[in-house]
Amino acid sequence: MQLLTTYDSNSPVVGKALVSQGITRDQAGMLTITPGRSVDIVCMDRPSPKGFWICRNAEGEVGFVSTQYVQLDPSSVRDLLEAIPKPARVSAVIVSAATVRFPECYERVESPV
């Protein structure tokens, strides 16, 4: 498959996953994986087909793996998640008719915008 030729043993790793169910390459583009072993995830989103990641096994082979056969190691994507910008927090005052009539009862809340 032409898509897989863009990934190789030097492709950056975006995460790791533990193989829960083994599979032998039975279709072009599928990766042979062994239960209990770890695979490197090199692509989790497009252009991967829905429900599949592009992974690399210990032998350096690259191919598609169904997300049903692996468990993502959350610690392996922590840096990736921390790099996502967080929304700024701002102070806001909720004003209602009751607040205007009874100002001592208003509530100050923190709200992401």
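The values are calculated or read from the model by the stated rules, or taken from the named source; none is laboratory data. Remember, predicted model here, so these are calculated numbers, not experimental data. Reconstructed Cβ throughout: ideal geometry from the backbone, glycine too, with neighbour counts over all protein chains shown. The accessibility values were calculated without ligands, DNA or RNA, using every heavy atom of the protein model including side chains. Shrake-Rupley method; radii C 1.70, N 1.55, O 1.52, S 1.80 Å.
Quote the accessible area belonging to Tyr69 in square angstrom, nearest 10, computed with a 1.4 Å probe and with ligands, DNA and RNA left uncounted.
Ignoring ligands and nucleic acids, Tyr69 comes out at about 50 Å².
Apply the Karplus parameterisation 6.51 cos²θ - 1.76 cosθ + 1.60, with θ equal to phi minus 60°, to every residue of segment 35-48 and state each ³J(HN,Hα) to the nearest whole Hz, in sequence, with x for glycine and proline.
Result, ordered by residue: x, x, 9, 9, 10, 8, 9, 9, 7, 10, 10, 4, x, 5 Hz.
Kindly sort Ser66, Ser9, Ser76 by accessible area of their heavy atoms, largest first, with the probe set to 1.4 Å.
Highest to lowest solvent-accessible surface, that is Ser9, Ser76, Ser66.
Set the Förster distance to 30 Å, then compute FRET efficiency between Glu82 and Thr34 from the Cβ-Cβ distance, nearest 0.05.
The computed FRET efficiency comes out at 0.45.
Would you work out the relative contact order for segment 2-82, in percent, from Cα pairs under 8 angstrom that are 6 or more residues apart?
It comes to 34 percent, rounded to a whole number.
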